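Asks: One structure coming up, written as structure tokens, with questions to follow.
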Amino acid sequence: MTTLAIMKARIADELARDDLTTQIATAINDAIVAYQSERYAFSESRTRCVFNTVASQQDYNQDDNADIPYMLAIDYFALTVGSTVTMLERYRPEVIEDLSNNQSAVGEPYAYTYYKRTLRLYPIPGQVYACRVAGLVVMSAPAEDDTIGNVWMVEGERLIRSRAKLELAVHVLKDQGLATAMAGAVQEAESQLKSTGNRQTGSGRIVPTQF
């Protein structure tokens, strides 16, 4: 299993350079940042953004769940009432803002919006409800060189390693030949990751468009 330390050592070995310690670390970080907003199978989650509502509290942010500010795309918002799970409708921020003029509207939420890294529910929850927000979440870089299981060092290893070498070729080594080779490697690695996600989520059937 690859760690940040292993990736750094491998890049240095593949470039035959032992004098780029700082530059390699920076290139790896830049590579991760470049792809954090992209959707891959490993960056989708239905378990990280889970929290409970608070009676009379309408807005929910990092104080309620650390991942709320880092939701890049929301696929669904599930609210559990007793043993029943219901899906909240997503409204535009200004619609929720207008509806919220009625501060007496308290009860079971049926709608939500996401604005300024904050979830807002409507109507205002009148009691505790379990919430599950599924979607695309920012996946962080490994915290330490020896961190085990970081997705960028496992599922995304080839993509990040190739992109890091591209960053080095362009910005540090000024090596056009290496840059061209790494651009091709990056494209292939990303295509493979995307196709893996498509196979996992696709139905395998073509659905006709309704006109």
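Asks: From (1) of a type outside the set (Asp, Glu); (2) surrounded by 13 or more Cβ atoms within 10 Å (Cβ to Cβ); (3) modelled with pLDDT of 95 or more, pick out the condition that doesn't hold for residue 197.
Replies: For residue 197, the failing item is (3).
Asks: If you check residue 128 against the conditions, is it out of contact with any Pro (no Cβ under 6 Å at 6 or more places or on another chain), surrounded by fewer than 14 Cβ atoms within 10 Å (Cβ to Cβ) and either closer than 18 Å to residue 45 by Cβ or modelled with pLDDT of 95 or more (or both)? Break it down stepwise before answering.
Replies: On the way: out of contact with any Pro (no Cβ under 6 Å at 6 or more places or on another chain): yes; surrounded by fewer than 14 Cβ atoms within 10 Å (Cβ to Cβ): yes; either closer than 18 Å to residue 45 by Cβ or modelled with pLDDT of 95 or more (or both): yes.
Judged against the criteria, residue 128 is a match.
Asks: Let me ask another. Considering only the stretch 60-87, state which residues are of a type in the set (A, V, I, L, M, F, W, C), surrounded by 13 or more Cβ atoms within 10 Å (Cβ to Cβ) and either under 15 Å from the mean Cα position of the chain (by Cα) or farther than 14 Å from residue 109 by Cα (or both).
Replies: Initially, the stretch 60-87 is screened for residues of a type in the set (A, V, I, L, M, F, W, C), giving 66, 68, 71-74, 77-79, 81, 85, 87.
Still in the running and surrounded by 13 or more Cβ atoms within 10 Å (Cβ to Cβ): 68, 71-74, 77-79.
Residues satisfying the conditions are 68, 71, 72, 73, 74.
Asks: Contact list please: Cβ distance under 6 Å, first residue in the stretch 97-115 and assigned by TED's automatic domain parsing to the domain that holds residue 79, second residue of a type in the set (Asp, Glu) and at pLDDT 95 or above, pairs at least six apart or on different chains.
Replies: From residues that are assigned by TED's automatic domain parsing to the domain that holds residue 79, the pairs are 111/89.
Asks: Conditions: (1) crowded, with 18+ Cβ neighbours inside 10 Å; (2) touching a strand residue (DSSP E or B) at 6+ places or on another chain (Cβ under 6 Å); (3) aliphatic (A, V, I, L, M). Residue 31 meets all but one. Number of the miss?
Replies: Failing condition for residue 31: (2).
Asks: While we're on this one: Taking only pairs six or more apart or across chains, which ones have beta-carbon atoms under 7 Å, a first residue in the stretch 153-170 that is without any contact (Cβ under 8 Å) to a residue 12 or more places away in the chain and over 13 Å from residue 184 (Cα atoms), and a second residue that is small (Gly, Ala, Ser) and surrounded by fewer than 23 Cβ atoms within 10 Å (Cβ to Cβ)?
Replies: 170/179
Asks: Can you tell me which residues in the stretch 75-112 are assigned to a loop (DSSP other than H, G, I, E, B) and modelled with pLDDT of 95 or more? Spell out the reasoning first.
Replies: Filtering the stretch 75-112 for residues assigned to a loop (DSSP other than H, G, I, E, B) gives 82-83, 88, 91-92, 100-105, 108-110.
Correct list: 88, 91, 92, 108, 109, 110.
Asks: So, in the stretch 161-192, how many residues would count as being outside any helix (DSSP H, G or I) and either within 17 Å of residue 32 (Cβ to Cβ) or of a type in the set (S, T, N, Q) (or both)? Don't jump to the end; show me each part of the working.
Replies: Taking the stretch 161-192 and keeping what is outside any helix (DSSP H, G or I), we get 174-175.
Okay, now just the ones that are also either within 17 Å of residue 32 (Cβ to Cβ) or of a type in the set (S, T, N, Q) (or both), so none.
So the answer is 0.
Asks: Does residue 127 satisfy the criteria of being outside the structural domain of residue 157 (by TED's automatic domain parsing), closer than 29 Å to residue 3 by Cα and not in a helix (DSSP H, G or I)?
Replies: Numbers: outside the structural domain of residue 157 (by TED's automatic domain parsing): yes; closer than 29 Å to residue 3 by Cα: no; not in a helix (DSSP H, G or I): yes.
When the stated conditions are applied, residue 127 does not pass them.
Asks: Show the residue pairs that are 6+ apart or on different chains and have beta-carbon atoms under 6 Å apart, the first residue being within the stretch 1-26 and loosely packed, with under 15 Cβ neighbours inside 10 Å, the second being in a helix (DSSP H, G or I).
Replies: Short answer, once both residue conditions are applied: 18/12.
Asks: Okay, next question. Would you check which residues across the stretch 5-53 are of a type in the set (Asp, Glu), under 18 Å from the mean Cα position of the chain (by Cα) and either modelled with pLDDT under 95 or not in a helix (DSSP H, G or I) (or both) and list them?
Replies: Of everything in the stretch 5-53, those that are of a type in the set (Asp, Glu), under 18 Å from the mean Cα position of the chain (by Cα) and either modelled with pLDDT under 95 or not in a helix (DSSP H, G or I) (or both) turn out to be 38, 44.
Asks: Going through the stretch 134-192 one residue at a time, which ones are surrounded by 16 or more Cβ atoms within 10 Å (Cβ to Cβ) and acidic (Asp, Glu)?
Replies: The answer is 155, 157, 167, 190.
The values are calculated or read from the model by the stated rules, or taken from the named source; none is laboratory data. In this text, all values refer to a predicted model and were calculated from it rather than measured experimentally. Note: ideal-geometry Cβ built from the backbone for every residue, glycine included; neighbour counts use all protein chains shown.
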